[in-house]
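To keep things clear, I will list the structure first and then write my remarks on it.
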Amino acid sequence: MHEISVLHKAIELAEQTARDNNIEKIAYVTLEVGELSGYLPVFFEKYYPVVTEGKPMFDGAELKMIIARGEGLCLNCNALYNIMQQEGKCPKCGSRSKKILGGRQFTLKEIGFVE
């Protein structure tokens, strides 16, 4: 379960960013998680309270997530499709040959500060 260590790093980065900008309180943290990243958003939600426990800067801070679709381009017929929804197979021609265009990312997208 590598979500905990990745979440821990994202929270550390948010905390350091707040300190560097003389911010005392974080209102929310937004993570962008790709469908093809290998990370399960449910675990970020589950462990967010554990990772932020004992960090006064995060008291009451919300975790927001943006799920980035796993988009693919069929190398046989050039169809664009959602890889997850189509289970890796082009809905137009049935090919599994594809170029992945998006959905692998994990990004600390935004930090909201209480002013």
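Taken together, the values in this text are just the output of simple stated rules run on the coordinates, not laboratory data. Quick caveat, the model's predicted, so the values are computed rather than measured. Methodologically, a virtual Cβ is constructed for each residue, glycine included, from the backbone with ideal geometry; neighbour enumeration extends over all protein chains shown.
Cross-link partners for Lys109 among the lysines, with Cα-Cα distance under 26 Å and sequence neighbours closer than 8 places in the same chain left out: Lys9, Lys25, Lys46, Lys55, Lys64, Lys99.
P(r) tail for the chain: Cα pairs beyond 25 Å make up 36% of the total. Against the chain, whose longest principal axis comes from its Cα atoms, helix 41-52 is set at around 20 degrees. In region 21-115, a dipole from Cβ-located charges (positive for Lys and Arg, negative for Asp and Glu) runs towards its positive end, and of Ile66, Cys90, Gly38 it is Cys90 whose Cα lies farthest in that direction. The slack between Leu101 and Thr17, meaning 0.36 nm per residue of separation minus the straight C-alpha distance, is 27.3 nm.
Quick check: convex hull over the Cα atoms of region 13-74, volume per residue in Å³, rounded to an integer? Write out the running numbers ahead of the final one.
Values: hull volume 5.8 nm³, N = 62.
Enclosed volume per residue, from the Cα hull, is 94 Å³.
Near Leu101, the amide H atoms lying under 5 Å from its own belong to Glu71, Gly72, Leu73; only residues 5 or more places off or on other chains count, and H is placed 1.01 Å from N.
Entry note, the chain: relative contact order of 37 percent, from Cα contacts under 8 Å with a spacing of 6+ residues. Ordered by the number of other Cβ atoms lying within 10 Å of each residue's own Cβ, fewest first, Ile23, Ile67 fall into the sequence Ile67, Ile23.
A simple charge model with +1 on the Cβ of Lys and Arg, -1 on the Cβ of Asp and Glu and nothing else charged puts the dipole of the chain at about 820 debye relative to its Cα centre.
Couplings 3J(HN,Hα) of region 25-36, computed from phi: 9, 9, 8, 7, 10, 10, 9, 9, 10, x, 4, 9 Hz, in residue order, whole Hz [Karplus 6.51 cos²θ - 1.76 cosθ + 1.60, θ = phi - 60°; x for Gly and Pro].
At 0.890 mPa s and 25 °C, plugging the Kirkwood radius over alpha-carbon pairs of region 75-115 into Stokes-Einstein gives what diffusion coefficient in µm²/s?
Working: Rh = 12.5 Å.
Reported coefficient: 197 µm²/s.
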